[in-house]
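Report on the following structure.
The values are calculated or read from the model by the stated rules, or taken from the named source; none is laboratory data. Being a predicted model, the structure only gives us computed values, none of them experimental. Glycine also receives a Cβ, built like all others from the backbone with ideal geometry; neighbour counts cover every protein chain displayed. Heads up: the accessible areas ignore ligands, DNA and RNA and are worked out on the full protein's heavy atoms, side chains in. Shrake-Rupley method; radii C 1.70, N 1.55, O 1.52, S 1.80 Å.
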Amino acid sequence: MSKPRSLSLAAYRILSWGVPQTMGRDLPPRPEGELLWLHLNSPEKLPVIEDFASRLLAARPDVSLLLTAPYDANISDWSNSLWPVVPLPPDQPRPARAFLDHWQPDLCIWIGGGLMPNLINRAEEKAIPMILLEGVVDLVMSRSGRWLPDITRFTLDCFDRIETCSENTARQIRRYGIASSKVSVSSPLRISPDPQPWPEDELIETNHALGGRPVWLAAWVQDTEFISVLSAHRQAMRLLPRLALVLHVADTAEADPLNRRLEAMDLRCSNWDEGQQIEDNTQVILTASDEDLGLWHRVAPVTFMGTSLERGATGQNPLLSTALGSSVIHGPYVIHHSDSYHRLDSAGAAVTVRTATELGDAVVDLLAPDRTADMALAGWELVTEGAPQTDDLIELVQHYLDKGRANRART
């Protein structure tokens, strides 16, 4: 480390030390083996990071994950995560050192801004490789240390690689003196579905049972959405009398009561989970099986993604449906997957509805063969565009972890 850097860091650490010291929250034990530290500046990135992490674990099942949020984050906003999320400590010398001594991560991927100079510089001193994705010049600094201009450069320079989402940001980072070889421009990390194959004989048999009838799927439907979905189905059947609805119930406990309700509404129902056969006059195919959604997304050219129509809903991930060739209809309440829905809407691969009447109209409209084909193509192009970037990142992570493993073996 050069003398100017040592003086700047020393000054900053002394200045930030003046803030009342807080060691932070109790930490869970560190898992055995390799540990990948993933820091997110916002809970909106959780679905993307979880998709990446799931694909990484398929390739490297022995690695453990540490997900962190900003120090002042409201952890209740992160409760939708598949993995526990740990808040970072305050950016002060002692808590930063204690955090890193406890976790000893083998690699850090920092997504977005909120860069913490003490923590990041301490990680670099401990020879922890770091990658900055969707990088921006956004540091969390104590007021007393903001007059030290070198801290921004030294903090950015701790990263082995920096990827930004725009050339303007890349130029800004290079102007701080960061080597051009470290900085590149790439699109944001996206969810890239990798659907599992489905037995061809079961797919053929199901399509044969449906006999070429028009079909739509309502997936992850909440009890508050049942009436809207069934009203939309009745409305659509006026124009498409042979229309079949595959109704996937989000809460398995609601399946039996809904079956009785369908009988009372004089809708002919086949309970798929109980092995009932699809008849020529079946109007609703009822299921609560999440595992069978891979079949129904392939069978139905149109999917309404439930958990989205009533106020207070948060949405479900629509990209598996799109990856399997089904056009998407959804309600307005999709906050947990807002980025995915916005991209699908903008690409013309999804339609937003707000009422049962709009849902019925959309089902009829989207089941027109030319409309379905156009939307399916737009959706396929969108969900596959992020796959190369995800694959490249997985390869990069494995490279750093393998390198660290080799270094440990030599010592």
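A crude spin-label estimate for the pair Glu125 and Gln277, with each label 7 Å from Cα along the Cβ direction, gives 7.5 nm.
Please check the chain for the longest run free of GluC sites (Glu not before Pro) that are loop-located per DSSP (anything but H, G, I, E, B) and have at most 12 other Cβ atoms within 10 Å.
Here the longest run is 33-278.
The Cα-based radius of gyration and maximum Cα-Cα distance (Dmax) for segment 337-408 are 19.6, 63 Å.
Per residue, the accessible area of segment 60-174 comes to 39 Å², computed with a 1.4 Å probe over protein heavy atoms only.
Across all Cα pairs in the chain, the calculated P(r) in 10 Å bins from zero up to the longest distance comes to 4, 20, 26, 20, 15, 11, 5, 1, 0 percent per bin. The per residue volume of the convex hull around the alpha-carbon atoms of segment 206-347 is 109 Å³.
In segment 25-82, the ratio of gyration radius to Kirkwood radius, Rg to Rh, stands at 0.97 when only Cα atoms are counted. Taking the charge dipole of the chain about its Cα centre, with +1 at Lys and Arg Cβ atoms and -1 at Asp and Glu Cβ atoms, the residue from Gly306, Val364, Trp216 reaching farthest to the positive side is Gly306.
For the chain, the fraction of 1.4 Å probe accessible surface lying on carbon and sulfur atoms is 50 percent.
When you restrict to C-alpha pairs under 8 Å that are six or more residues apart and normalise by the size of the chain, the relative contact order lands at 13 percent. So, R0 is 30 Å and r is the distance between the beta-carbons of Asp160 and Ser81; what FRET efficiency does that work out to, to 0.05? Efficiency, rounded to the nearest 0.05: 0.70.
Extent of segment 271-391 along its three principal axes (Cα atoms, max minus min coordinate, largest first): 43, 33, 29 Å.
Per residue, the convex hull around the alpha carbon atoms of segment 297-338 comes to 51 Å³.
Name the shape class, rounded, prolate or oblate, that the alpha-carbon gyration tensor gives for segment 55-102, where a ≥ b ≥ c are the square roots of its eigenvalues, rounded holds for a/c under 1.5, and otherwise prolate holds if a/b is larger than b/c and oblate otherwise.
The shape class here is oblate.
Remark: segment 344-356, residue by residue, has Karplus-estimated 3J(HN,Hα) of 5, 4, 5, 7, x, 9, 8, 10, 9, 10, 10, 9, 4 Hz, where x stands for each Gly or Pro and the curve is 6.51 cos²θ - 1.76 cosθ + 1.60 at θ = phi - 60°.
Volume per residue of the convex hull around the Cα atoms, evaluated for segment 173-227, comes out as 233 Å³.
Over segment 93-184, all Cα pairs binned in 5 Å intervals from 0 give whole-percent P(r) values of 3, 14, 26, 26, 18, 10, 3, 0, listed from short to long.
Residues in segment 354-402 average 50 Å² of solvent-accessible surface per residue, probe 1.4 Å, ligands and nucleic acids excluded.
With R₀ set to 25 Å, the beta-carbon distance separating Ser64 from Asp101 gives a calculated FRET efficiency near 0.90. In segment 125-282, the ratio of gyration radius to Kirkwood radius, Rg to Rh, stands at 1.32 when only Cα atoms are counted. Restricting segment 234-303 to trypsin sites (Lys or Arg not before Pro) that sit in a DSSP loop and have at most 10 other Cβ atoms within 10 Å of their own Cβ leaves Arg238. Extension gain, Arg354 to Leu27: 0.36 nm times the residue separation minus the Cα-Cα distance gives 113.4 nm.
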